[in-house]
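Q: One structure, as structure tokens, below. Some questions next.
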Amino acid sequence: MSLLTLLVLESRFEPGANMTKSRSTSALDADELALMHAIRHSPRSRAELAEMMGWSRNTVVAKLAGLIEAGWVTEFSELQAGRGRPFARYAVNPAAATTFIAGFDVESVTAAICQIDGTILAWERQQLPAVSGPDAAVMTLDDMLKRMTGKAGIPRQQIEAMVVAANGPVSDMRVTVPWSKVGVLPSDFSAHFGMKVAVENDANIVALGVQRENPQASSVLALLVETGIGAGIVFSGQLNRGFSGWAGEVGHIPVAAAGDTPCVCGNRGCVASIASNPALIRSISTKDRPLKTVDDLRGAVISGDTDAIMALRQAGRHIGEAITGLVIGLAPDIISVGGSFAKIGDHLIAGIRESLSQRTPPAISSHLRILGMQDHNRSGIRGASEIAFDLLFPR
Ligand SMILES: [Zn+2]
């Protein structure tokens, strides 16, 4: 399942506001950037901003006026109980910037044009070309961007930042990851498209989105169980990429049940070889009941097929076993599980929960919340919009 596939169901297809901004983000000074960050997640009053920034009320008013005039900030009035007149609050103008967010999976690429708050203006999915690699990835997105801006009537120059989700470790070195067909660096895109670009691992982007959805949780583990098994780790509020972007490649943790099955990563006995979607499909497919695709397996689970349900639960147990050390090491507040099977019943998650409750100290397991993501695409858009904000408003 690609990052954005399901979003069409809940997106709002409204044309982007016709913004005429008098200044680009690169013209904002350090104080203005700090103000944008102070209101990025919740609107603030002048008094709150004066206290947060350590500025006088007059300075806050002057800086806000400049940002409002430039189109970056909106002002709105709010009535408060016990106060006679409405008072003003300030928020990031959601239509101030338009972003292009694209996600690559094994077979396809899905892209969305969004406002800076993640509201979707247009989206499209297409098969990956037969040729893979950096040039093919850039040209595929170029085609999609042309077509989508044309259809939606959004001037291409209105799009100021691009976030690309890749299904493998992402680093600043050009490393060919065997299971990812993307193999691009941000500079490949930024040189071609002339805008700010970030390339990030898909599970990392989802983890950022989950943390945004659960602001009280400082550490989050987001698991995506699909063709492979990836995790994004937000630790103490910060995304942890590890060496060469390899942090969270939990599908390549060995478990005893996988024996010495060779894996694409070069190691043997990785949990992905027995608990990823293709492994699950293989394990319960029989001559009498051949299963070929994820949809076949989903159909079997939904129809109550005991073998399919047991296999899903067992896969969850293996995943739980594999991530036990990581969970004890990080003591996250939330493990959020996404993927094709996270939203059809609790079977996969029940297996993960069972394994972790047996293997982790009660102090950790009693605090830990293990949740199924109803829509990891939605979390992905939220996470990508956070990255786009940081690109546009660097601190
Ligand atoms: Zn492996």
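Q: Looking at region 275-293, is at least one residue assigned by TED's automatic domain parsing to the domain that holds LEU312, away from the ligand (no atom under 16 Å from the Cβ), out of contact with any helix residue (DSSP H, G or I) (no Cβ under 9 Å at 6 or more places or on another chain) and of a type in the set (S, T, N, Q)? Full working, then the answer.
A: As a first pass, look at region 275-293 and keep what is assigned by TED's automatic domain parsing to the domain that holds LEU312: 275-293.
From what's left, away from the ligand (no atom under 16 Å from the Cβ): 280-293.
From what is left, the residues that are out of contact with any helix residue (DSSP H, G or I) (no Cβ under 9 Å at 6 or more places or on another chain) are 282, 287-288.
This time we only want the ones that are of a type in the set (S, T, N, Q), so: none.
There is no residue in region 275-293 that is assigned by TED's automatic domain parsing to the domain that holds LEU312, away from the ligand (no atom under 16 Å from the Cβ), out of contact with any helix residue (DSSP H, G or I) (no Cβ under 9 Å at 6 or more places or on another chain) and of a type in the set (S, T, N, Q).
Q: Among the candidates ALA47, ALA34, ALA81, single out the residue that is at negative phi, crowded, with 16+ Cβ neighbours inside 10 Å and not assigned by TED's automatic domain parsing to the domain that holds ALA388.
A: Of ALA47, ALA34, ALA81, the one residue that is at negative phi, crowded, with 16+ Cβ neighbours inside 10 Å and not assigned by TED's automatic domain parsing to the domain that holds ALA388 is ALA34.
Q: Kindly indicate whether ASP117 is part of a loop (DSSP other than H, G, I, E, B) and within 30 Å of SER340 (Cβ to Cβ).
A: In short, yes.
Q: Is it the case that some residue within region 277-297 is part of a loop (DSSP other than H, G, I, E, B), in contact with a strand residue (DSSP E or B) (Cβ under 7 Å, 6 or more places away or on another chain) and among the β-branched types (Val, Ile, Thr)?
A: No: zero hits.
Q: Next question. Could you go through region 367-379 and let me know if any residue there is of a type in the set (Val, Ile, Thr), part of a helix (DSSP H, G or I), at pLDDT 95 or above and over 30 Å from PHE100 (Cα atoms).
A: No: zero hits.
Q: Sticking with this one: Determine, yes or no, whether ASP202 is charged (D, E, K, R) and within 19 Å of SER385 (Cβ to Cβ).
A: yes
Q: For the subset of region 256-273 comprising residues that are buried (at least 21 other Cβ atoms within 10 Å of the Cβ) and among the aliphatic types (A, V, I, L, M), which member is farthest from the ligand (Cβ to nearest atom)?
A: VAL271
Q: Taking into account only those residues within region 93-114 that are closer than 27 Å to SER42 by Cα and surrounded by fewer than 21 Cβ atoms within 10 Å (Cβ to Cβ), which is modelled with the lowest pLDDT?
A: Looking at the filtered set, the residue picked out is ALA95.
Q: Cβ-Cβ distance below 7 Å, separation of 6 or more or different chains: which pairs start in region 259-282 with a residue that is under 21 Å from VAL337 (Cβ atoms) and in contact (Cβ under 8 Å) with a residue 60 or more places away in the chain and end on one that is more than 12 Å from the ligand (Cβ to nearest atom) and of a type in the set (Asp, Glu)?
A: What qualifies is ASN277/GLU226.
Q: Taking the condition in contact with a strand residue (DSSP E or B) (Cβ under 9 Å, 6 or more places away or on another chain), over 28 Å from ASP295 (Cα atoms), charged (D, E, K, R) and away from the ligand (no atom under 16 Å from the Cβ), does ARG212 pass? Can you show your working first?
A: On the way: in contact with a strand residue (DSSP E or B) (Cβ under 9 Å, 6 or more places away or on another chain): no; over 28 Å from ASP295 (Cα atoms): yes; charged (D, E, K, R): yes; away from the ligand (no atom under 16 Å from the Cβ): yes.
Spelling it out, it is not the case that ARG212 is in contact with a strand residue (DSSP E or B) (Cβ under 9 Å, 6 or more places away or on another chain), over 28 Å from ASP295 (Cα atoms), charged (D, E, K, R) and away from the ligand (no atom under 16 Å from the Cβ).
Q: Please enumerate the residues belonging to region 297-355 that are at pLDDT 95 or above, more than 22 Å from GLU213 (Cα to Cα) and of a type in the set (Asp, Glu).
A: Hits for region 297-355 are GLU321, GLU354.
Q: If you scan region 123-152, which residues turn out to be modelled with pLDDT of 95 or more and either assigned to a loop (DSSP other than H, G, I, E, B) or under 23 Å from ASP390 (Cβ atoms) (or both)?
A: LEU145
The values are calculated or read from the model by the stated rules, or taken from the named source; none is laboratory data. These numbers were taken from a predicted model, which means no experiment stands behind them. Positions of Cβ are backbone-derived with ideal geometry, glycine not excepted, and every protein chain shown enters the neighbour counts.
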